[in-house]
Amino acid sequence: MKKKITIGILAHVDAGKTTLSEALLYTSGRIRSLGRVDHKNTYLDTNAIERERGITIFSKQARFSGENCDFILLDTPGHVDFSAETERTLSLLDYAVLVISATDGVQNHTRTLWQLLEHYDVPTFIFVNKCDVSIKLKEDIENELSSILSPLCIGFPEAQRRNELEEKLAFIHENFMESFLAGEGIEDEDIAYLISCRKLFPCLFGSALRMQGIDFLLDTLDRYTLSPVYDNDIFGAKVYKISHIGSTRLTYMKITSGKLCARDEICYLSQDGVRVTEKVSQIRLYSGDKFEQTDIVSAGEICAVIGLSSSYVGQGLGLEQDAANPLLEPVLSYAIHLPPECDTRVIFPKLKELEEEEPSLHLMWNEELSQIEVRLMGEVQTELIKRLISDRFSIDCTLGAGRILYKEKAAGKAIGVGHFEPLRHYAEVQLLIEPQPKGTGLIFDTNLPENMLSLNWQRLILTHLYEKDHRGTLTGALLTDTKITLVAGKAHLKHTEGGDFREATYRAVRHGLMKSGCILLEPYYKFRLEVPTSCVGRAMSDLQARFATFDIEYSDTENTVICGSAPVAAIHDYPREVISYTRGNGRLFCTSDGYEPCHDQEDVVANAGYDPEGDLDNPPHSVFCAHGAGFTVHWSEVDSYKHIELDIKDSQEGEVIIPKVSTLARKYSISDEELEAIMLRTYGPIRRKRYSEPKVVSADKKDKPRKSKIINSHRNMVIVDGYNLIYSDDNLKDTASYSLEKAREPGRKIKAKYPDAFLVKVDDNGCTRVK
């Protein structure tokens with residue numbers, strides 16, 4: 001039976017990724033003629049915009065077969081503006097082929113793709129393309145890959161040079177060294193296992209355009225891949241793409257367990273949390289823009305399903321959980337300006353259809369400015385969104401100037417108090433706010449004993465923390481890199497309702513941020529600037545003026561390469577200037593580098609004009625109750641009104657000291673004397689019978705002869721729980737694991753040694769002596 005492998009092709013833009021996909025399909029016999037990007041007739045780039053621009057914008061799938069394996073090929077976008085589309089496919093891949101141009105080497109975006117592959121734990125093959133036009137030696141390229149990406153990048157020679165490959169492998173793995181020295185050879189299965197564990201990255205060389213090295217690449221993929229193991233019992237699937245063809249809505253998914261049949265019903269939760277049950281009306285297997293209809297798909301297959309109206313990208317169906325938030329995200333926001341005859345409020349729901357297909361757009365309605373805003377990665381994506389709106393909705397729109405998407409994080413540690421107590425309502429929440437390292441995002445946790453606040457209320461508070469987009473206090477930007485921990489809370493037995501904790505939670509977050517303060521963060525780009533050496537002075541001067549940090553990576557008499565990072569606000573419009581002063585000989589490549597503290601925070605905050613106390617959606621003040629009426633307390637005075645006392649104490653680790661279960665136990669503990677007094681008042685004095693040893697009474701000589709008799713007066717007793725006796729002894733415990741009867745033998749021996757001892761059976765009816 002053939003293996004079924006899902007393989008993705010990733011690359012920096014213009015590395016030859018689509019050309020390589022075309023070559024693989026042609027070599028395997030899937031297509032009869034080779035298409036070319038410059039001829040606008042490739043098998044996978046079928047969209048009109050893709051063919052016009054000569055780049056891949058939407059991920060596509062194709063199918064081809066090797067000698068031992070059936071492959072599902074996912075061709076992904078290479079341009080940095082469409083990185084989100086690429087990232088969504090990574091969780092589906094069994095293996096990846098990373099394409100690197102021999103002329104350009106490892107670019108910044110190549111490094112980003114490598115980090116993503118590592119994050120998603122995808123085994124990777126490396127194909128060095130355009131070797132026919134490169135002046136670099138293969139050995140030099142291999143050394144570059146080993147030093148920049150991983151020392152486990154090993155060049156795989158052709159099959160006839162097997163000894164050379166085994167010698168290379170022997171130097172990087174001890175197990176291979178033993179086999180190599182013993183002359184036993186290295187099995188293909190052992191090599192495939194290391195590749196699957198990301199302990200080996202085969203590097204192959206060739207030219208996709210000239211069809212060089214393609215046969216060897218196909219043979220390597222066929223030989224050194226292992227078929228994934230799937231659960232064939234219960235259905236599970238990952239949704240990675242939504243598209244619309246006319247009025248037909250397609251949900252693309254990978255089946256990760258079980259099987260799916262046409263007319264099966266799928267029960268799932270929509271993004272709004274509504275439970276939906278819908279029937280699959282059709283299943284399609286796509287290859288390029290063509291498809292075959294099927295009635296059943298099993299684990300490992302990628303298909304498009306018709307019939308799901310509320311599915312969304314990143315959704316897990318059946319056994320699968322929803323995907324985590326993507327690592328790459330847009331850094332620019334644009335206003336969409338529609339023609340005067342268009343009603344913005346009517347058009348907005350229609351535009352949300354685009355967000356279904358590309359979730360990173362984050363289409364939103366700005367109520368204050370009465371305009372639609374969209375988040376994009378760069379200028380190429382702005383042209384795409386205008387074209388899509390024109391083609392699909394026949395609306396010619398324009399986009400405003402790009403606005404930087406800032407974020408904020410807590411500046412220090414503080415406890416935020418949220419109190420909500422209008423008449424006949426009550427809830428108080430205290431949250432610990434702590435800053436976190438770069439890239440952490442928002443973390444929600446609870447560190448609160450159950451006897452202070454019941455678990456159901458704690459879960460409700462965490463739900464309210466997760467459901468809201470929390471915003472900072474400087475510009476109202478989204479909050480990130482902050483940990484929020486529930487450390488105290490209080491409810492009322494009669495007056496507390498679920499909505500009360502929502503209000504208290506939101507106010508506690510805001511109050512904590514007002515106390516701790518916020519740091520404004522701005523997005524940064526990693527860049528690689530290639531300019532003629534004669535222009536280096538101008539380039540370095542420009543970069544310094546743009547607050548960039550950089551180093552010269554390479555320089556000779558003709559060209560110089562400068563690498564570094566800079567704020568997006570300062571460098572996002574720099575490519576045009578580079579082309580101008582280098583007369584078309586310079587190139588600037590940028591890729592996302594996360595968020596760093598803003599270089600001009602004061603100016604940005606002043607221009608934003610945000611009033612944190614006037615934000616009605618995020619109030620920092622609390623509501624208390626007195627004399628039968630509620631009143632608002634300003635955030636700066638809330639600590640003096642709060643009902644729960646809780647402080648942060650500094651320690652060497654900087655950890656928070658909060659009430660633990662043991663602390664509360666001491667606080668509410670009661671002494672034995674107090675307990676005895678309560679019992680006396682409630683039940684009266686304890687009357688105990690006094691026991692003594694049995695007395696032997698002899699017959700009086702004056703009386704008639706009679707035998708001596710034993711008067712069993714009240715005796716002292718020691719009651720031993722037999723099960724405690726068994727399970728406190730290791731030997732008896734082991735014996736009881738297979739025979740409880742044998743474990744009871746020591747009890748019978750005690751009975752034999754002490755005739756007065758007896759066994760007592762305890763059950764619901766009381767104590768019964770066992771004869």
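Among 411-421, 140-150, how do they line up from the highest to the lowest mean number of other beta-carbon atoms within 10 Å?
Details: 411-421: 22.8, 140-150: 17.0.
So the peptides 411-421, 140-150, ranked by packing, come out 411-421, 140-150.
Helix 162-172: angle to the longest alpha-carbon principal axis of the chain, degrees 0 to 90, nearest 10?
Once rounded, one gets 50 degrees.
If Leu478, Leu92, Leu181 are ordered by their accessible area, calculated over protein heavy atoms with a 1.4 Å probe, which sequence runs from highest to lowest? It would help to have the intermediate numbers written out before the result.
Working: Leu478 40, Leu92 5, Leu181 130 Å².
Of Leu478, Leu92, Leu181, the descending order of accessible area is Leu181, Leu478, Leu92.
Do any of Lys136/Lys241; Lys138/Lys241; Lys483/Lys642; Lys2/Lys136 go past 29 Å between their Cα atoms, and which?
Values: Lys136/Lys241 39 Å; Lys138/Lys241 38 Å; Lys483/Lys642 22 Å; Lys2/Lys136 38 Å.
Table pairs above 29 Å Cα-Cα are Lys136/Lys241; Lys138/Lys241; Lys2/Lys136.
Accessible area of Asp132, 1.4 Å probe, to the nearest 10 Å²?
60
What FRET efficiency do you get for Ser270 and Asp617 if R0 is 22 Å and r is their Cβ-Cβ distance, rounded to the nearest 0.05? Don't skip to the end; give the middle numbers.
On the way: r = 24 Å, r/R0 = 1.08.
E between Ser270 and Asp617, to the nearest 0.05, is 0.40.
Using DSSP to call loops (not H, G, I, E or B), can you name the GluC sites (Glu not before Pro) in segment 210-303 whose Cβ has at most 15 other Cβ atoms within 10 angstrom? Mind showing how you got there, number by number?
Numbers: sites: Glu265, Glu278, Glu292, Glu301; in loops: Glu301.
Passing sites in segment 210-303 do not exist.
Mind putting a number on the dipole of segment 54-191 about its Cα centre? Charges go on the C-beta only, +1 for Lys and Arg and -1 for Asp and Glu, and I need it in Debye to the nearest 20.
Values: 10 positive and 26 negative charges, 142 e Å.
Using Cβ point charges on Lys, Arg, Asp and Glu, segment 54-191 gives about 680 debye.
Rounded to the nearest 20 Debye, what is the dipole magnitude of the chain about its Cα centre when Lys and Arg each give +1 and Asp and Glu each give -1 at the C-beta? Don't skip to the answer; put the middle values down first.
Numbers: 92 positive and 115 negative charges, 1031 e Å.
For the chain, the charge dipole is close to 4960 debye.
Rounding to the nearest 10 and keeping the result within 0 to 90°, find how far the Cα-based axis of helix 455-467 lies from the longest principal axis of the chain.
Relative to the chain, helix 455-467 is tipped by roughly 10 degrees.
To the nearest 10 degrees, how steeply does helix 214-223 sit against the main Cα axis of the chain, on a 0 to 90 scale?
20
Once label points are set 7 Å from the Cα along Cα→Cβ at both Phe171 and His244, what is their separation, rounded to one decimal in nm?
Calculated label separation equals 5.7 nm.
At most 11 other Cβ atoms within 10 Å and a DSSP loop assignment: could you name the trypsin sites (Lys or Arg not before Pro) in segment 477-538 that fit?
Details: sites: Lys483, Lys490, Lys494, Arg502, Arg507, Arg510, Lys515, Lys526, Arg528, Arg538; in loops: Lys494.
Answer by residue number: Lys494.
Could you calculate the FRET efficiency of His643 with Asn607 from 1/(1 + (r/R0)^6), where r is the beta carbon distance between them and R0 is 41 Å, rounded to 0.05? Spell out each step's value before the answer.
Working: r = 40 Å, r/R0 = 0.98.
The pair His643/Asn607 has a calculated efficiency of 0.55.
Please give the contour-minus-distance gain from Ser309 to Glu292: 0.36 nm per residue of separation, less the Cα-Cα distance, rounded to one decimal in nm. Before the final figure, lay out each step's value.
Values: separation 17, 0.36 × 17 = 6.12 nm, distance 2.16 nm.
Taking Ser309 through Glu292 to full extension adds about 4.0 nm, to one decimal.
Between the DSSP loop rule and a limit of at most 14 other Cβ atoms within 10 Å, which GluC sites (Glu not before Pro) in segment 1-84 are left? Please list the in-between numbers first.
Details: sites: Glu22, Glu50, Glu52, Glu67; in loops: Glu67.
Passing sites in segment 1-84 are Glu67.
Using a 1.4 Å probe and counting only protein heavy atoms, arrange His464, His599 so the residue with the most accessible area comes first. List each step's numbers first, then the result.
Values: His464 10, His599 65 Å².
The residues order as His599, His464, largest area first.
What number comes out for accessible area per residue over segment 113-239 if the probe is 1.4 Å? Units Å², please. Could the numbers behind the result be given before it?
Working: 6530 Å² over 127 residues.
Heavy-atom accessible area per residue stands at 51 Å².
So if I take the centroid of the Cα atoms in segment 238-267 and the same for segment 221-235, what is the distance between those two points in Å?
Answer, in whole Å: 20.
For a Förster distance of 60 Å, can you work out the FRET efficiency between the beta-carbons of Asn447 and Lys733, rounded to the nearest 0.05? Kindly include the intermediate steps, with their values, before the conclusion.
Values: r = 35 Å, r/R0 = 0.59.
Rounded to the nearest 0.05, the efficiency is 0.95.
Multiply the residue separation of Thr463 and Trp365 by 0.36 nm, subtract the distance between their alpha-carbon atoms, and state the gained length in nm to one decimal. Walk me through the numbers on the way to the answer.
Numbers: separation 98, 0.36 × 98 = 35.28 nm, distance 2.45 nm.
Additional length available on full extension: 32.8 nm.
The values are calculated or read from the model by the stated rules, or taken from the named source; none is laboratory data. Computed from a predicted model, the values in this text were never measured in an experiment. As a convention, Cβ positions derive from the backbone with ideal geometry for all residues, glycine included, and neighbour counts pool all protein chains shown. Side chains included, ligands, DNA and RNA excluded: accessible areas come from the protein's heavy atoms. Shrake-Rupley method; radii C 1.70, N 1.55, O 1.52, S 1.80 Å.
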